[in-house]
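The structure appears below as structure tokens.
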Amino acid sequence: MKHFFLSFCCFLFLSFQSIPLFSQKIDSTLSVYSDNFQQEKVHLHFDKSVYNKGETIWFKAYVMAGSDLSDYSKNFYVDWFDPAGKLLKHSMVPMFESSAKGQFLIPANYTGQSLHVRAYTKWMLNFDSAFLFNKDILVSQLNPVKAPVVDPITMLQFFPEGGDLIADIDARLAFKAANQFGKPVRLMGAIKDSKGSFIDSFATEHDGMGSLSIHPQANEIYTASWKDEFGFTNSTTLPTIKGTGANLQVQSLASKTLVLIKRSNTVEDNLQTLFLVATINQHMVYRARINLATKTTSLAEIPTTVLPTGVMQITLFNANWLPIAERVVFVNNHQHTFNPEVELPIKGLEKRARNVVEINVPDSIFSNLSIAITDAGLSGSEDNTIISQLLLCGEIKGYIHNPAYYFSSDADSVLQHLDLVMLTHGWRRYRWDDIVKGKLPTIKYNRDADFIQIKGKIYGINNIRITPDQKVILIMQGKDSSKQSLLLPIKPDGSFVQNGLVFFDTLKVYYQYLGDKRLADQGEVVFQNGLLALNRELVDRSTASPYLWALADSAQLAKSRFFAAEQARLEKLSKTTTLADVVVRTRAKRPIDLLDEKYASGLFSGDAGYQFDILNDPRTLGSMDIFHYLQGTVAGLQINFSNGTPTLTWRGGSPELFLDEVRTEPDMLNTLSMSDIAYVKVFRPPFFGAMGGGGGGAIAVYSRKGGDVKSTPGKGLGFKFLEGYTAYKQFYSPDYSQPTGNFSPDLRTTLYWNPYILTDASTHKVKIEFYNNDISKKLRIVLEGMNADGKLARVEKEIQ
């Protein structure tokens, strides 16, 4: 995509050399904006649409910058609010491949009937807060508080195409009717002049929007008298009419966009030469000089066949390069999606029946997907998808009702309705007066270009000179007793830093100085993690719509309450029923599970892509080292040797290597005898226990343990607590393949959730399996994602 813009801009330069040199300043400033100040946009894929209290909300975040995957940010933030705007949780999660995963547990005693979610990156806070991701989520209650009766208040706004009504210039006048909560309202009415003469009638066409043509007269005041769907009547004054000026009218066709420029018969000199500029994703895609010295109209054609799908901003400037009219249009070249195939070779809707889903991405390019499988009654067709959010809602201001509709078909009616959205929603990615002056945005928040940083500084040591060999040892211990050590140099100002760490929850950081021991006696160390702290300015303005509950899908709420009521009934039954002669059978743990419990801890524990019991594997006798042992055992893992030194590649990246959960290098593992190794785990990407998010996966090697009890690391040393990323828990999916298991009643509403399904040239197909709950008879599959080219995907299927 970036190569496209480079070649297209070269074409512009050759095509419009007659444009004054002053405009080159605008070109260079826009180039700096697109290269260095591209704004990010966010979509969150949730596992379903409505939740019960005590349930977990699972989400996957996708982040783009323009038409490309964003490489600006490494950290992602989600704030969760109750309907009154009270902050419930500030989540901080690492990003991998321009995406992030996380969850939020709704408190069991939560009484609210909705949650408000605000999601963003640190970089996004430098720009208009209207472009942060916001969503209201329904929370059903068994005995909900009756929604207060709210009298609807309808507001009607008019939007002249281009921005102004100008005397004696035909204009298209769009309008939008909505209630006090932004929801569309139907109405109809009539336009009259100041004498009460009828000019035209109007009526909403789609979701409260419509348009009409008008020929405004000088010194005239027009009024719209209207009646809404509730029977209320009112009147609205149309925008003021300018005596003279210039304006534009736009029509989008299949391969081009036509722009008709008109000026008044008599205008000042600075309106006789005009400039027309079109931008998309902050790249200039069209520029032309319009000569209206001897005529009052001109027609420009903007070719669009090679443009990316998205919102295009068309701006008309006067001779002094001051903007006088503006319009946005949607360009759709149907090149913005890719099409994963979802098949169900095994389908089972009986109680706890097995299901198998196969996902096939024919493209060889890397793709990053997430999938949710839920009871169909709890996850209807979304009104906003990854496609509508990243291509439409993330680009223009204001609430858009049911944005997914505008991508539902290519029917003329849908395209006309989408153009109404363009006419009635403001769009300001940057200020043209700043562009003309060559002024760049004021950046308050630098790019979040690193993961967690352990940043420390020693205070109170003004009389101690820090020598070049002064170091500090950090021993970091998690709540699960996992540990890692770092040896860092101390700078002359008493500071030290370690970049690129990924850890969750809270660490206990022990520290000890190597060198001048007076540092421990006189100094006080302060640690920071480099993450964005809670932004109070955002908290104060975040409130969920009190009208959300009244607009909810009653069928979804009823189904959610059914699950909640059944769960409550079974819990009550289990407390009051006495069972005799109950025999609980549990499956014996596999040897590999016992080995994992003994050796692995923290993020390294639990299932991995591959696990090897070196202690009991006879293949070790024929292996020179661990790398020869692993050759050919892990699909896609390539191990080559050059002068005895191994190099590893997997899925286009290099897996991180760990010895006893401490990062190491290949030559270190290469010298380790197989007789000293007990256990090996190979983690598919992403592995968040590795620095940088583990985009190439990870290989963890464990040396044999003796019978000695290890002492507690850091005992007797000073320590501080350091907050990490919000703790992530794995989605639980029961395995009913073993009939001996004694399972509790299964009332799960989300049957399967996987935030990271990755495919590439070597792995086109991914197979997943899950088991139905005890009561669902129809399930819905929703697959969303994006690929390395910035193309988007969404697939919906029902199992019935």
Can you report the number of residues in the range 134-152 which are assigned to a loop (DSSP other than H, G, I, E, B) and either closer than 24 Å to A190 by Cα or touching a residue at least 40 places away in the same chain (Cβ under 8 Å) (or both)? 7
Picking from D493, D480, D516, which residue would you name as being buried (at least 17 other Cβ atoms within 10 Å of the Cβ) and assigned to a loop (DSSP other than H, G, I, E, B)? D516
Filter the range 172-189 for residues that are more than 33 Å from the chain's Cα centre (by Cα) and buried (at least 20 other Cβ atoms within 10 Å of the Cβ) and give the result. L173, L187, G189
Residues satisfying the stated conditions in the range 190-220, i.e. in contact (Cβ under 8 Å) with a residue 40 or more places away in the chain and assigned to a strand (DSSP E or B): I191, H206, M209, G210, S211, L212, S213, I214
Hey, among the residues in the range 153-172 that are in contact with a strand residue (DSSP E or B) (Cβ under 8 Å, 6 or more places away or on another chain) and either outside any strand (DSSP E or B) or basic (K, R) (or both), which one's nearest to N52 (Cα to Cα)? T154
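To keep it simple, each residue is scored yes or no on (1) in the same structural domain as G162 (by TED's automatic domain parsing); (2) over 22 Å from D269 (Cβ atoms); (3) part of a strand (DSSP E or B); (4) at pLDDT below 95.
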residue	(1), (2), (3), (4)
M284	yes, yes, yes, yes
R287	yes, no, yes, yes
T294	yes, no, no, yes
P308	yes, yes, no, yes
M312	yes, yes, yes, yes
T315	yes, no, yes, yes
N320	yes, no, no, yes
R327	yes, yes, yes, yes
N339	no, yes, no, yes
Sort out which residues of the range 45-62 are part of a strand (DSSP E or B) and touching a helix residue (DSSP H, G or I) at 6+ places or on another chain (Cβ under 9 Å), and write them in order of number. H45, V50, Y51, N52, Y62
Answer yes if at least one residue in the range 528-540 is among the basic types (K, R), over 29 Å from P152 (Cβ atoms) and at pLDDT below 80, and no otherwise. yes
Return yes or no: is N463 outside the structural domain of E656 (by TED's automatic domain parsing), in contact with an Asp or Glu (Cβ under 6 Å, 6 or more places away or on another chain) and not small (G, A, S)? no
Of all residues being of a type in the set (F, W, Y) and under 25 Å from the mean Cα position of the chain (by Cα) in the range 649-700, which is modelled with the highest pLDDT? Just the residue, please. F683
Considering only the range 65-77, how many residues are buried (at least 24 other Cβ atoms within 10 Å of the Cβ) and of a type in the set (A, V, I, L, M, F, W, C)? 1
Check on D607, under 23 Å from D760 (Cβ atoms), loosely packed, with under 15 Cβ neighbours inside 10 Å, acidic (D, E) and modelled with pLDDT under 80: yes
Is it true that some residue in the range 610-622 is of a type in the set (D, E, K, R), outside the structural domain of M476 (by TED's automatic domain parsing) and closer than 30 Å to D71 by Cα? no
Looking at the range 73-82, is at least one residue within 13 Å of the chain's Cα centre (by Cα) and not in a strand (DSSP E or B)? yes
One residue from V634, V682, V701 being part of a loop (DSSP other than H, G, I, E, B) and hydrophobic (A, V, I, L, M, F, W, C): V634
Selection within the range 272-287 - surrounded by fewer than 21 Cβ atoms within 10 Å (Cβ to Cβ) and of a type in the set (A, V, I, L, M, F, W, C): L276, M284
Output the residue which, of all residues in the range 97-120 that are closer than 16 Å to L87 by Cα, under 24 Å from the mean Cα position of the chain (by Cα) and among the small types (G, A, S), is surrounded by the fewest Cβ atoms within 10 Å (Cβ to Cβ). S114
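The values are calculated or read from the model by the stated rules, or taken from the named source; none is laboratory data. The model shown is predicted, which means the values in this text are computed figures rather than measured ones. Using ideal geometry, Cβ is built from the backbone for each residue, glycine included, and neighbour counts are taken over all protein chains shown.
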